[in-house]
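Undergrad: Got a structure here, written out as structure tokens. Questions coming.
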Amino acid sequence: MLQITETTRSTFSDALVTQGCASENSKNLDLYAWLVGSWEMDGVIHQDDGSTTTARGNVHAAWVLEGRAIQDVFSVPGLFYGTSLRFFDPQVDAWQIFWIDPLKQVFFRMIGRAEGDSIINEGEETPELARAYGLPVESKATVRWKFTEIKSDSFHWVSERSIDGINWRVQREYFARRVIS
């Protein structure tokens with residue numbers, strides 16, 4: 001007979017959101033811990049012709065799934081509205097990251113690791129992601145999303161794409177500021 005030892009959570013939010021990381025793996029879970037909270041951001045979208053457009057958005061992130069993962073909602077109205085779920089995978093000694101954007105019907109899987117003072121999330125571009133960016137869907141490009149200039153109250157996020165793994169083209173940049181609540 002199954003015996004339940006933990007109190008049943010009363011709402012979906014109670015079951016999902018946790019106040020901190022799981023203690024049994026805390027040394028592996030701190031790579032993205034700084035992201036937890038709310039952020040406003042200014043974006044620069046780089047077009048193929050060299051021109052740029054600007055946009056504003058926000059990020060909200062929290063510990064989830066009993067503190068074993070970090071989830072965010074990353075949105076720029078009219079451009080995308082999605083969520084990432086990140087968790088540490090000891091089998092690859094890195095973070096598995098899954099991005100989902102139901103607005104654009106995009107899903108994308110990456111591996112995240114520290115690289116110096118930055119965090120590099122990298123994965124093979126999916127046809128859905130290429131389509132959302134208005135690019136050829138069969139290019140087999142590599143995409144990396146970088147968190148750089150990480151401070152307690154700000155960060156710089158960069159999306160880059162490469163066909164050959166050597167030459168990278170910046171697609172989007174976001175300059176985020178923590179919202180004090």
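Rule-based calculations on the coordinates, nothing more; no lab input. Note that the structure is predicted; figures quoted are calculated from it, not measured. Glycine also receives a Cβ, built like all others from the backbone with ideal geometry; neighbour counts cover every protein chain displayed.
Undergrad: Based on the Cβ-Cβ distance of residue 149 and residue 28, what FRET efficiency does E = 1/(1 + (r/R0)^6) give at R0 = 25 Å, to the nearest 0.05?
TA: 0.60
Undergrad: Among 47, 91, 171, which one shows the biggest mean-square fluctuation in a GNM of the chain, springs joining Cα atoms closer than 10 Å?
TA: Among 47, 91, 171, the largest mean-square fluctuation in the Gaussian network model of the chain belongs to 91.
Undergrad: Sticking with this one: If you work out Cα Rg over 2.2 N^0.38 Å from the coordinates, which of (1) 1.25; (2) 1.01; (3) 1.09 do you get?
TA: (3)
Undergrad: With labels modelled as points extended 7 Å from the Cα through the Cβ direction, what inter-label distance (nm, one decimal) is found for residue 179 paired with residue 19?
TA: 2.3
Undergrad: Can you compute the FRET efficiency between residue 85 and residue 164 using 1/(1 + (r/R0)^6), with r the Cβ-Cβ distance and R0 = 35 Å? Round to the nearest 0.05.
TA: Calculated transfer efficiency: 0.75.
Undergrad: Hey, what do the phi angles of region 118-132 turn into as Karplus ³J(HN,Hα) couplings, whole Hz, using 6.51/-1.76/1.60 and θ = phi - 60°, x for Gly and Pro?
TA: 10, 10, 10, 9, 9, x, 7, 4, 7, x, 5, 5, 4, 4, 4
Undergrad: Sticking with this structure for a sec: Would you mind telling me which residue in 38, 118, 51 has the biggest mean-square fluctuation in a Gaussian network model of the chain, where springs connect alpha carbons within a distance under 10 angstrom?
TA: Between 38, 118, 51, it is 51 that shows the largest mean-square fluctuation.
Undergrad: Charges on Cβ only, +1 for Lys and Arg, -1 for Asp and Glu, centred on the Cα centroid of region 12-178; of 77, 15, 158, which one is farthest towards the dipole's positive end?
TA: 77
Undergrad: Still on this structure, I have one more. So which residue, out of 116, 82, 43, gets the largest mean-square fluctuation from a GNM of the chain using Cα contacts under 10 Å as springs?
TA: 116
Undergrad: For the chain, what does -39500 (n - 2.57) per DSSP helix run (n ≥ 4), summed and divided by total residues, give at 222 nm, in deg cm²/dmol to the nearest 500?
TA: -1500 deg cm²/dmol
Undergrad: Here is a follow-up. How much length would be gained if the chain were fully extended between residue 113 and residue 135, taking 0.36 nm per residue of separation minus their Cα-Cα distance, in nm to one decimal?
TA: Roughly 5.3 nm would be gained on extension.
Undergrad: Also, quick follow-up: Applying 1/(1 + (r/R0)^6) with R0 = 35 Å to the Cβ-Cβ distance of residue 53 and residue 10, what FRET efficiency is obtained, to the nearest 0.05?
TA: Between residue 53 and residue 10 the formula returns 0.20.
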